[in-house]
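**Q** The structure under discussion is supplied below as structure tokens; questions concerning it will follow.
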Amino acid sequence: MIVLVTGVSSSPGYKIAVKLLGRYQVVGTYNEHRVEIPSAELVRVDLTKNPAELIRNYKPDVLVHVAAIGNVDQCEEQPDLCYRVNVVASRELIANAYRVGAAIYYLSTDYVFDGERGLYTEDDVPRPVNYYGLTSTTTLVSLTSLFVRGSLLVTTARLLNDLYLVRSTTGFPSSCSTGMLVRK
């Protein structure tokens, strides 16, 4: 089984790829910062160029999409690039993975919320306060149209070292909050 993990140079992408080694054939992508993950195939990819080609070349059984421009200041300074990576490339990558029948995991961010109260749930309405949060919200909302009944939303509650504490629901909430979109 081939698992394609985008953004393996990020902390969550790296940890996910390492956890999957030994059980799956892991292909990891990075853009600028190469990391060493023994036994994984690492591919340098600019997802704004042709994300569909990546899916065609590897035909993954599972896509774990973690790649994004997550630097809040960079997103404010380079909104066009941020939009192309975080929204357009994500949408195209996931749409093509969906077409080949891959299970899809999409990791989002709590920046889709304003942070006024914390402990957000799937029923909370996103209220981003910066451009990074806005692109993440836009991606989540647009991606829900790709998923059919029986899909699953897994919301990341918090990240503790290697452990993701998650809460999941079937279907999609009206507000489409932060988390991982999963296609069964």
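**Q** Which residues, taken from the stretch 56-82, are more than 15 Å from TYR111 (Cα to Cα), in a loop (DSSP other than H, G, I, E, B) and either of a type outside the set (S, T, N, Q) or in contact (Cβ under 8 Å) with a residue 40 or more places away in the chain (or both)?
**A** Step one: of the stretch 56-82, the residues more than 15 Å from TYR111 (Cα to Cα) are 56-65, 67, 77-81.
With the extra rule that they be in a loop (DSSP other than H, G, I, E, B), the set shrinks to 59-61, 67, 78.
Those that are more than 15 Å from TYR111 (Cα to Cα), in a loop (DSSP other than H, G, I, E, B) and either of a type outside the set (S, T, N, Q) or in contact (Cβ under 8 Å) with a residue 40 or more places away in the chain (or both): LYS59, PRO60, ASP61, ALA67.
**Q** Filter the stretch 35-65 down to the residues that are surrounded by 18 or more Cβ atoms within 10 Å (Cβ to Cβ) and in contact with a Ser or Thr (Cβ under 6 Å, 6 or more places away or on another chain), then identify the one that is modelled with the highest pLDDT.
**A** Among those that are surrounded by 18 or more Cβ atoms within 10 Å (Cβ to Cβ) and in contact with a Ser or Thr (Cβ under 6 Å, 6 or more places away or on another chain), it is VAL45.
**Q** Okay, next question. Inside the stretch 66-102, can you point out the residues that are at negative phi, exposed (fewer than 14 other Cβ atoms within 10 Å of the Cβ) and not aliphatic (A, V, I, L, M)?
**A** ASN71, ASP73, GLU76, GLU77, ASP80, ARG99
**Q** What number of residues within the stretch 38-52 satisfy the criterion of being in contact with a helix residue (DSSP H, G or I) (Cβ under 9 Å, 6 or more places away or on another chain), free of Cβ contacts under 8 Å to residues at least 24 places away in the same chain, over 15 Å from LYS19 (Cα atoms) and outside any loop (DSSP other than H, G, I, E, B)?
**A** Matching residues across the stretch 38-52 total 1.
The values are calculated or read from the model by the stated rules, or taken from the named source; none is laboratory data. For clarity, every value in this text was computed on a predicted model and none was experimentally measured. Heads up, the Cβs are rebuilt from the backbone with ideal geometry, glycines too, and the neighbour counts pull from every protein chain shown.
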